[in-house]
1. Tell me the residue from A46, A66, A53, A79 that is aliphatic (A, V, I, L, M) and touching a Ser or Thr at 6+ places or on another chain (Cβ under 6 Å), please.
2. Could you please give the count of residues in the range 8-38 that are at pLDDT below 95, loosely packed, with under 10 Cβ neighbours inside 10 Å and charged (D, E, K, R)?
3. Assuming D58 fulfils every condition listed in (1) at pLDDT 95 or above; (2) more than 14 Å from the chain's Cα centre (by Cα) apart from one, which condition is it?
4. Mind telling me which of the residues Q59, Q77 ends up being polar (S, T, N, Q) and free of Cβ contacts under 8 Å to residues at least 24 places away in the same chain?
5. Do you know which of the residues in the range 82-93 that are surrounded by 10 or more Cβ atoms within 10 Å (Cβ to Cβ) and among the charged types (D, E, K, R) is modelled with the highest pLDDT?
6. Only one of these is more than 13 Å from I11 (Cα to Cα) and surrounded by 17 or more Cβ atoms within 10 Å (Cβ to Cβ): A55, A75, A79. Name it.
Amino acid sequence: MNDNEERRVTIIVGRVWRNKGGDSEGVHVLLLAPDDDSAVRLALEALAREGYAEAELDQIGEMEGAPDEEPHFSAWQGALEGEVSVITFDEER
């Protein structure tokens, strides 16, 4: 990648549990990684640091540009700065 190319932020979508067998939350993890395997490993490490006991990751992809709304815009900016950004939300039941 040259300096003129925009770095693509990886997004991983899934659900997480603080306690095994407990209620799940939806999760979006935004980060920079050289490949999908590295992205998944970094995401799982970040989720463990945040205190999640279990994670089920469903989809992985690259974001095309900055999101329009919060909290994804801030998470996208954090990812570009080298952070692993974790967004959790209540799932629709």
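1. A79
2. 1
3. For D58, the failing item is (2).
4. Exactly one of Q59, Q77 is polar (S, T, N, Q) and free of Cβ contacts under 8 Å to residues at least 24 places away in the same chain, namely Q77.
5. The selected residue is E83.
6. Going through A55, A75, A79 in turn, the sole match is A55.
The values are calculated or read from the model by the stated rules, or taken from the named source; none is laboratory data. Just so you know, these numbers come straight off a predicted model, no measurement behind them. In this analysis, Cβ positions are derived from the backbone assuming ideal geometry, glycine residues included, and neighbour counts consider all displayed protein chains.
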